[in-house]
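In what follows, a single structure is set out as structure tokens and then discussed.
Where a number appears in this text, it was derived from the coordinates with a stated rule and is not lab data. Quick caveat: nothing in here was measured; it's all calculated off a predicted structure. Here the Cβ positions follow ideal geometry from the backbone for every residue, glycine too, while neighbour counts run over all protein chains shown.
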Amino acid sequence: MIPPGSGHPTDRAAPSTPVAHSASDVDRLAGSSAGVAESDARSSVCRACPRLVAWREEVALTKRAAYAHEQYWGRPITGWGDDAPSLLVSGLAPAAHGGNRTGRIFTGDRSGDWLFAALHRAGLASQAASVSAHDGLSLRDTRIVLPVRCAPPANKPTPAERDACAGWLAAELRLLLPSVRCAVVLGGFGWTALGRALVRAGVEVGRLPGFGHGVEAVLPGGLTLLGCYHVSQQNTFTGRLTEPMLDAVFARAKDLAGLS
């Protein structure tokens, strides 16, 4: 595992960064973060959910054979991209051998191949490939956030783990929302989780419509949530989500975010 303060491109923590060991710790440390960098640093060393901590670290030690020569990140994954974005993209959780390995969300897995290629076609990413945190990729006016920051077993966090992690996302949203005009939400879990995090961040949400691909929800404050099927292999391999469908979502998102 990569320790805090080691110089990894996405690491904003230091050996002295305070560590959350419970959901109440998450709320306290997240709520007192002075800015996005500090929030990222504190969330990247979180140990509030014992099952997730054990799983992410076991994966980082045992590794997949194809990556046996690599040092896994093995810590919570933070949001990544512009610190004052107009557009948010909200996923679910990092992949065990993707973000949990590389230290950057949607990096080094098939879902990321689809997402960053689409962001690049939309002019929101500097390159189409996302293979390593060292690859020089950057985002334009866009930030990716996630409701659950540790890779969960079977890609299924428990409700308690989701709720414990919501404090980090709520704090991040409070810091980001002054500039955000649109949020693309990948999948039904993310739709529900982002809505709850927005409420915790003090945003008036009202009654959200049910999740669906292309569904739009304009919140009272003007922020628009835009639904999109998740870029999971289950959706992309079966054709439930196609490149034209994904491109149409990001074209609409750019319009809503004023980025056309």
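Among [x] 21.4; [y] 15.0; [z] 12.5, which is the computed mean projected area of the Cα convex hull in nm²?
Matching entry in [x] 21.4; [y] 15.0; [z] 12.5: [z].
With r defined as the distance between the Cβ atoms of ARG47 and SER138 and R0 fixed at 30 Å, what FRET efficiency is calculated, to the nearest 0.05? Don't jump to the answer; show the numbers that get you there.
Numbers: r = 30 Å, r/R0 = 0.99.
E between ARG47 and SER138, to the nearest 0.05, is 0.50.
For labels at ARG121 and ASN155 in the simple 7 Å Cα→Cβ model, what's the distance in nm?
Output for this residue pair reads 2.0 nm.
Let's test the formula: R0 of 35 Å, r as the Cβ-Cβ distance of GLU70 and ALA248. What FRET efficiency results, to the nearest 0.05? All intermediate terms of the calculation are to be shown ahead of the outcome.
Working: r = 36 Å, r/R0 = 1.02.
Computed FRET efficiency for GLU70 and ALA248: 0.45.
Quickly rank 9-20, 162-173, 222-233 as a protection proxy: mean count of other C-beta atoms within 10 Å, highest first. Present the calculation step by step, with values, prior to reporting the outcome.
Numbers: 9-20: 16.6, 162-173: 23.9, 222-233: 20.7.
My ranking of the peptides, most packed first, is 162-173, 222-233, 9-20.
Please give the calculated 222 nm ellipticity per residue for the chain, where each DSSP H segment of at least 4 residues contributes -39500 (n - 2.57) and the sum is spread over every residue; nearest 500 deg cm²/dmol? Don't skip to the answer; put the middle values down first.
On the way: 9 runs with 98 residues, N = 260.
It lands at -11500 deg cm²/dmol.
For the stretch 158-260, list log₁₀ I(q)/I(0) at each q in 0.12, 0.17, 0.21 Å⁻¹, using the Debye formula over Cα point scatterers of equal strength and ignoring solvent, two decimals each.
Values, matching the q order: -0.41, -0.82, -1.16.
Please list the radius of gyration and Dmax for the stretch 57-114, considering alpha-carbon atoms only, with Å as the unit.
Over the stretch 57-114's Cα set, Rg and Dmax evaluate to 12.3, 39 Å.
Among 177-187, 70-80, how do they line up by average Cβ neighbours within 10 Å per residue, starting with the highest? Mind showing how you got there, number by number?
Values: 177-187: 21.5, 70-80: 24.3.
Listed from highest to lowest mean packing, they are 70-80, 177-187.
At 0.36 nm per residue, and after removing the present C-alpha to C-alpha distance, how many nm does the segment from SER260 to HIS21 gain when stretched out fully?
Working: separation 239, 0.36 × 239 = 86.04 nm, distance 4.29 nm.
The SER260-HIS21 span can extend by a further 81.7 nm.
Label THR238 and THR62 with points 7 Å out from Cα along Cα→Cβ: what is the distance between them in nm?
In this crude spin-label approximation the distance works out to 2.7 nm.
Give the residue from PHE250, SER132, ALA23 lying farthest towards the positive end of the charge dipole for the chain; charges sit on Cβ (+1 for Lys and Arg, -1 for Asp and Glu) and the dipole is referred to the Cα centre.
Working it through, the farthest residue towards the positive pole turns out to be ALA23.
Using the alpha carbon gyration tensor of the stretch 103-198, what are the three equivalent-ellipsoid semi-axes (square root of 5 times each eigenvalue), largest first, in whole Å?
23, 17, 12
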